[in-house]
Amino acid sequence: MPTRLPPVTRNLLIANVAVFLLQQMMHYTLIAHFALWPWGPDHWAQLPDGSLTAIGFRPWQLVTYAFMHGSLSHIFFNMFALYMFGGAIEQTFGPRNFTLYYFVCLLTAALAQLLVVRYFTHGFEPTLGASGAIFGLLLAFGMLYPQERLMLMFLPIPIPAWLFVIGYGAVELVLGVGGWAANVAHFAHLGGMLGGFLMIEYWRGKFPIKPKRRLLR
């Protein structure tokens, strides 16, 4: 476990906790405007103060949704994972590239969720949480430190990071396709992993367009 967090990871932790506390005061008003709503026609909703407001997709929600959480357990597990993996990834990438990586993952997670809801599930529920970006960090840890040992809380058996990540991704895919745990945005998690994979492969020089500096790890 890290003993000293680098600056971007620390600031992300603070920002997520601060927004969660703000949610407790504003609750549905904040969710109505800043959670990620499905792409399509607006719906009308009544706010706690009795006023009506139109809710629906807005461009800024592609980012703001990732700083909001639905419950104490939701933010606890996401921030615990950010604490566990964020520092190591930030020290490898550097603060600037780590910030870019984090936001790319949360954006690709949001886009994946929007597409799945638009063309497959057709629901109208908000998506919120840093999970897409967190799954991107988990993917990065598995790719950069494949032989490091990880353990699930309920299964205290050391597993190589690469196997842990592949297994976790496979479970998310099965749950998403099967429609189990429908209140969890499984395809947002997978979208975050996909965005992270593409970023790392780009930094490793695997695409026709090459980065200015390669990731050597």
| said: Between 0 and 90 degrees, rounded to the nearest ten: what's the tilt of helix 131-144 against the longest Cα principal axis of the chain? | reply: 10
| query | With every protein chain present, what is the per residue accessible area of the chain (1.4 Å probe, Å²)? | reply | 56
| Going by accessible area, probe 1.4 Å, with all protein chains left in place, what is the ranking of F77, F187, F164, largest first? | F77, F187, F164
| Using Cα atoms only, what is the angle between the long axis of helix 161-178 and the major principal axis of the chain, expressed in degrees (0 to 90) to the nearest 10? | 30
| Ignoring ligands, DNA and RNA, what percent of the 1.4 Å accessible area of region 76-154 is carbon and sulfur? | 66
| task | Compute from the Cα atoms of the chain the Rg and the Dmax, the latter being the longest Cα-Cα distance, and quote both in angstrom. | result | 17.7, 56
| At what distance in angstrom do the alpha carbon centres of region 24-81 and region 82-98 lie from each other? | 27
| Degrees separating the helix 186-203 axis from the principal Cα axis of the chain, which is the longest one | 40
| field | For K206, solvent-accessible area (1.4 Å; no DNA, RNA or ligand), Å² | value | 120
| said: Test of understanding: in a Gaussian network model of the chain with alpha carbons linked when under 10 Å, which of P126, P146, P59 would top the mean-square fluctuation ranking? | reply: P59
| Percent relative contact order of the chain, based on C-alpha pairs within less than 8 angstrom and at least six residues apart? | 21
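The values are calculated or read from the model by the stated rules, or taken from the named source; none is laboratory data. Just so you know, these numbers come straight off a predicted model, no measurement behind them. The accessibility values were calculated without ligands, DNA or RNA, using every heavy atom of the protein model including side chains. Shrake-Rupley method; radii C 1.70, N 1.55, O 1.52, S 1.80 Å.
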